[in-house]
Amino acid sequence: PLDAAGTGCPLPPVPMQGGALPPEEELKATVLQLRETVLQQKETIGNQREAIRELTGKLSRCEGTDGKSAAGAWKNEVGKGKDTMGDLPRDPAQVIEQLSRTMQTLKDRLESLEHQLRANVSYAALPGDLREMLQRRLGDLERQLLSKVAELEDEKSLLHNETSAHRQKTETALNALLERVSELEKGNSAFKSPDEFKVSLPLRTNYLYGKVKKTLPELYAFTVCLWLRSSASPGIGTPFSYAVPGQANEIVLIEWGNNPIELLINDKVAQLPLFISDGKWHHICITWTTRDGMWEAFQDGEKLGTGENLAPWHPIKPGGVLILGQEQDTVGGRFDATQAFVGEMSQFNIWDRVLKAEDIMNIANCSINMPGNIIPWVDNNVDVFGGATKWPVETCEERLLDL
């Protein structure tokens, strides 16, 4: 009824306990009833608006036809007859505003109930046993969460302990390996003869190398001979390099990538007709003289190539660093792994003169043992670094059989 619009329609009572339906179903039924009430109110508002428009039209026609007297007569007639507006106020704007407030109140109450039904958080509208059940479930969830947090903390502690134990175990194993390597290095120092050893460089890295303790004097000619074995591909790398301040490529023997083996002197290059990457032992000798830059290349005692104009009239500078297995970009360092030698080498000797071809042949076929007068191959003159090792070398005759 219109006189109840200010207070709104009361909700039907919701049974708290012992009803035929669960609380959620009762709330849903209440919401449906409210929706029906709203629809009825909307229909009533529509009918009342039509009546207002009809009465307003009649008043306008009367005022236009008879003026004030006609309007007074109409008002008297209306006073004597039936009041067609019933209990509505005489101001149409007030009627519409009042009905609008009523409809908004009902709408607000409906939205509040729907929100309570969705969220299921209105404990006041729920039975006591349902509230207790929800509280129990919340307590169970909280206990499960705390238990899971405790398990995660335990796993974190175990993982930390396992990591520490694993790290300690790894360090112990590495220390044992280092001690074993040191023992082997000490044991290998007692060769039958000071020159009966080889240097092994098994990996292509920038940290495995050997270093010759002695350095070169100023040279106007030299001969370098060595035994080596490698099957690295592409290219065996750099068997040796000699660098001085201001010139990293003073003397270099290198086979890099798919290029032929090269001899560099003062950064000038000569390609050598040598083929030594078959995994067998080979005896290599290279001679050079500053006079016209003449050079010769020997493999297994046989001269395979000769040439000239390789850094002519350039004396080899003294006081540099002689490295086995790496190419130096600066004196004693800045190695490039792609240019590293991979394999074994022995009997690395340097003379300050050009050896005769017959001497080179006799050295290669094991007829004579002729150490270098500038750099001889002796154990206490060669240090190894980064995992390079010294081992007893095969006899000269055994190396010959490998050819």
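Along the Cα-to-Cβ line of E218, 7 Å from the Cα, sits a label point; which residues in the stretch 315-338 have backbone N less than 13 Å from it? Counting backbone N atoms under 13 Å from the label point, the list is 315-319.
Count Lys and Arg as plus one, Asp and Glu as minus one, and take only other residues whose Cβ is under 15 Å from that of S233; the net charge is then +1. Residue-wise HN-Hα couplings along the stretch 301-309, as the Karplus relation 6.51 cos²θ - 1.76 cosθ + 1.60 with θ = phi - 60° gives them from phi, are x, 9, 6, 9, x, 8, x, 8, 6 Hz; Gly and Pro carry x. Scanning residues 5 or more positions from Y209 or on other chains, those with amide H under 5 Å from its amide H are F385, A388, with H placed 1.01 Å from N in the peptide plane. On the stretch 197-401, 51 percent of the accessible area sits on carbon and sulfur atoms, based on a 1.4 Å probe. Within the shell of other residues whose beta carbon sits under 15 angstrom from the beta carbon of L216, the net charge comes to +2, with Lys and Arg scored +1 and Asp and Glu -1.
Phi angles of the stretch 250-262 translate, via the Karplus equation with coefficients 6.51, -1.76, 1.60 and θ = phi - 60°, into HN-Hα couplings of 5, 9, 9, 10, 8, 10, 10, x, 9, 7, x, 5, 10 Hz per residue; Gly and Pro are given as x. The string of couplings for the stretch 160-169 from the Karplus curve (6.51, -1.76, 1.60, θ = phi - 60°) is 4, 5, 5, 5, 4, 5, 5, 4, 5, 5 Hz, one whole number per residue in order, with x for Gly and Pro.
The chymotrypsin sites (Phe, Trp or Tyr not before Pro) found in the stretch 214-288 that occupy coil by DSSP, while having at most 15 further C-beta atoms within 10 Å, are Y220, F275.
Projected over every direction and averaged, the convex hull enclosing the alpha-carbon atoms of the stretch 197-401 yields 9.7 nm².
For the residue pairs K214/K390; K268/K317; K211/K303; K211/K317; K214/K317; K198/K317, alpha carbon separations beyond 21 Å are given by K211/K303; K198/K317. Assuming charge only on the beta carbon of Lys and Arg (+1) and of Asp and Glu (-1), the dipole of the stretch 197-401 about its Cα centre is about 380 debye to the nearest 20. Label separation (D154 vs N381): 6.9 nm, computed from points 7 Å beyond Cα along the C-beta direction.
The values are calculated or read from the model by the stated rules, or taken from the named source; none is laboratory data. Only a predicted model underlies this, so the values are computations on that prediction, with no experimental measurement involved. So basically every Cβ, Gly included, is an ideal-geometry build from the backbone, and we count neighbours across all protein chains shown. Ligands, DNA and RNA are excluded from the accessible area calculation, which covers all protein heavy atoms including side chains. Shrake-Rupley method; radii C 1.70, N 1.55, O 1.52, S 1.80 Å.
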